[in-house]
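Peer 1: My questions all concern the structure below.
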Amino acid sequence: MSLSSLPLSYCTNVHPGQSVGEVEGGIERYTLAIRERLGQPMAAGLWLARPVTEELLASRDGVKRFAEKLAHQELSCYTLNAFPYGNFHSARVKEQVYLPDWSQPERQEYTEQCALILAELLPEGGEGSISTVPLGFKNAERSADFLETAIRRLVDVAVQLDRLRQERGRIIRLAIEPEPCCVLETTAEALAFFETLGKAAESQGLAEVVRTHLGLCFDVCHQAVEFEDVSRSIQEIDRAGVRINKLHISCALRLENPGENREGRNALSHYVEPRYLHQTFAKRQDGRIVHVTDLTQGHVTDPGTDFLEAQEWRVHFHVPVNVERMGPLGTTRLGLREAIAAVADLDYPPHLEVETYTWGVLPGNEPPDLVRGLSEELAATYALLSRP
């Protein structure tokens, strides 16, 4: 069994963080309170937006002071989320979260900044991970050399990570995170890309460097939305020799029997919101899968025949991982159990992180109690990990 023995973390992209002060304030207000309520050791799974990395690296001792503060709070950090580049809590994020994409120099620069910071936060000989965008958004305009440019930048990052390993004695692995409606969304697409990436690295004599430092972040919600058998997907990734550097512990929404489930569709209408993208997939009786890029009120009320006659809808809306139902709607928590069991069979332990960033946009008139909600998610996850 190879489940990570590191303290569990939740991703701090759930609360705002556009400055070092705001990140530190979130840790003090939420993370420390969650650890106290949980009564177990906990790591900080940090989201450091580009303005934060710039601020930390602007002075010679900025990262050192930040690391010392975490140490004083008895918080370790072994993983960063470098997927959201800018303000993940602005009024409208949607498809902007994929910018800059991996063809743009800003994405490479930001990722390398995150690696420099994480190297300071890790203990000597420690291993870290950084999750990142799945190259870009599928519907965005891309240049003819997009893939070639993205591969070149990723190989350059692998070389930089290997240099950090040699100079600092810390192994940091980049974790590309497939997501619905992105350039890499299915497991098959991810594996095809890594085959192409491997050939490019081999031609430069960098195959081992790339294998060591580049892999996947397997977000259970994302692959469940695609109606993948998540256990089989993890096994296929392992057989292909691609490393899963990080497992995002997450659940999606399910609407069963949508044509006759008016109560469920009414409930789903309350999950339509303006900030995040909620890709929605439907599986028909004949096995065909159809999708829309974002859930809208119009789609819920008049979804069209393909969706109305489907067996089930799955919505990219991260919901608390400790619940099986959200009123008349289901969740993909069963898939989460299966993913953890499959990861336990790997020969190495991916980093584990709970990522429910949508607490602030869940339906309801009252603001969520983040400390209570995240504590319950982490407690339920510890229970799953104890009996995979």
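Peer 1: Going residue by residue through the range 43-55, is there one that turns out to be farther than 18 Å from Glu112 by Cβ and surrounded by fewer than 20 Cβ atoms within 10 Å (Cβ to Cβ)?
Peer 2: Keep residues of the range 43-55 that are farther than 18 Å from Glu112 by Cβ, which gives 43-45.
Now restrict to residues that are surrounded by fewer than 20 Cβ atoms within 10 Å (Cβ to Cβ): none.
For the range 43-55, residues farther than 18 Å from Glu112 by Cβ and surrounded by fewer than 20 Cβ atoms within 10 Å (Cβ to Cβ): absent.
Peer 1: Continuing with this model, one more query. Hand me the list of helices (runs of 4 or more DSSP H) wholly inside the range 203-244 holding 3 or more residues that are under 18 Å from Glu355 (Cα atoms) and either within 18 Å of the chain's Cα centre (by Cα) or not small (Gly, Ala, Ser) (or both).
Peer 2: In the range 203-244, 220-225 are the helices (runs of 4 or more DSSP H) which contain 3 or more residues that are under 18 Å from Glu355 (Cα atoms) and either within 18 Å of the chain's Cα centre (by Cα) or not small (Gly, Ala, Ser) (or both).
Peer 1: With respect to Asn257, determine if the residue is polar (S, T, N, Q), closer than 12 Å to Trp313 by Cβ and in contact (Cβ under 8 Å) with a residue 60 or more places away in the chain.
Peer 2: Working: polar (S, T, N, Q): yes; closer than 12 Å to Trp313 by Cβ: yes; in contact (Cβ under 8 Å) with a residue 60 or more places away in the chain: no.
No.
Peer 1: Output the number of residues of the range 271-285 satisfying the condition of being of a type in the set (D, E, K, R) and either farther than 10 Å from Glu312 by Cα or touching a residue at least 60 places away in the same chain (Cβ under 8 Å) (or both). Before the answer, list the steps.
Peer 2: First, the residues of the range 271-285 that are of a type in the set (D, E, K, R): 273, 275, 283-284.
If we keep only those that are either farther than 10 Å from Glu312 by Cα or touching a residue at least 60 places away in the same chain (Cβ under 8 Å) (or both) too, we end up with 273, 275.
Total meeting the criteria: 2.
Peer 1: Still on this structure, I have one more. Being crowded, with 19+ Cβ neighbours inside 10 Å, aliphatic (A, V, I, L, M) and outside any loop (DSSP other than H, G, I, E, B) narrows it down to one of Ala71, Ala115, so name that one.
Peer 2: On the way: Ala71 fails: crowded, with 19+ Cβ neighbours inside 10 Å.
The unique qualifying residue is Ala115.
Peer 1: What pairs come out if I take residues in the range 139-168 that are touching a residue at least 12 places away in the same chain (Cβ under 8 Å) and in a helix (DSSP H, G or I) and pair them with residues that are crowded, with 19+ Cβ neighbours inside 10 Å and among the polar types (S, T, N, Q) whose C-beta lies under 8 Å away, six or more apart or interchain?
Peer 2: The qualifying pairs are Phe146/Ser103; Thr149/Ser103; Ala150/Ser103; Arg153/Ser103; Arg153/Gln108; Asp156/Gln108; Val157/Gln108; Val157/Thr111.
Peer 1: Let me ask you something else. Give me the pairs: first residue in the range 305-330 and on the phi > 0 side of the Ramachandran plot, second residue buried (at least 16 other Cβ atoms within 10 Å of the Cβ) and hydrophobic (A, V, I, L, M, F, W, C), beta-carbon distance under 6 Å, and six or more apart or on different chains, which are they?
Peer 2: Gly327/Ala267
Peer 1: Of all residues in the range 173-189, count the ones that are small (Gly, Ala, Ser) and surrounded by 24 or more Cβ atoms within 10 Å (Cβ to Cβ).
Peer 2: Counting residues in the range 173-189 that are small (Gly, Ala, Ser) and surrounded by 24 or more Cβ atoms within 10 Å (Cβ to Cβ) gives 1.
Peer 1: Also, I was wondering about something else. Being within 26 Å of Glu95 (Cα to Cα) and of a type outside the set (Val, Ile, Thr) is the requirement here; does Ala200 meet it? Can you show your working first?
Peer 2: Values: within 26 Å of Glu95 (Cα to Cα): no; of a type outside the set (Val, Ile, Thr): yes.
Against the criterion (within 26 Å of Glu95 (Cα to Cα) and of a type outside the set (Val, Ile, Thr)), Ala200 does not qualify.
Peer 1: Mind checking which pairs have a first residue in the range 42-67 that is over 30 Å from Ser5 (Cβ atoms) and a second that is of a type outside the set (Val, Ile, Thr) and surrounded by fewer than 18 Cβ atoms within 10 Å (Cβ to Cβ), Cβ under 7 Å, 6 or more apart or different chains?
Peer 2: As it stands, the answer is Arg50/Gly86; Pro51/Gln18; Pro51/Ser19; Glu55/Ser19; Glu55/Gly62; Leu57/Leu116, since those pairs meet every condition given.
None of the figures in this text is laboratory data; all of them are computed from the coordinates on show. Since this is a predicted model, take the numbers as computed values, not measurements. Heads up, the Cβs are rebuilt from the backbone with ideal geometry, glycines too, and the neighbour counts pull from every protein chain shown.
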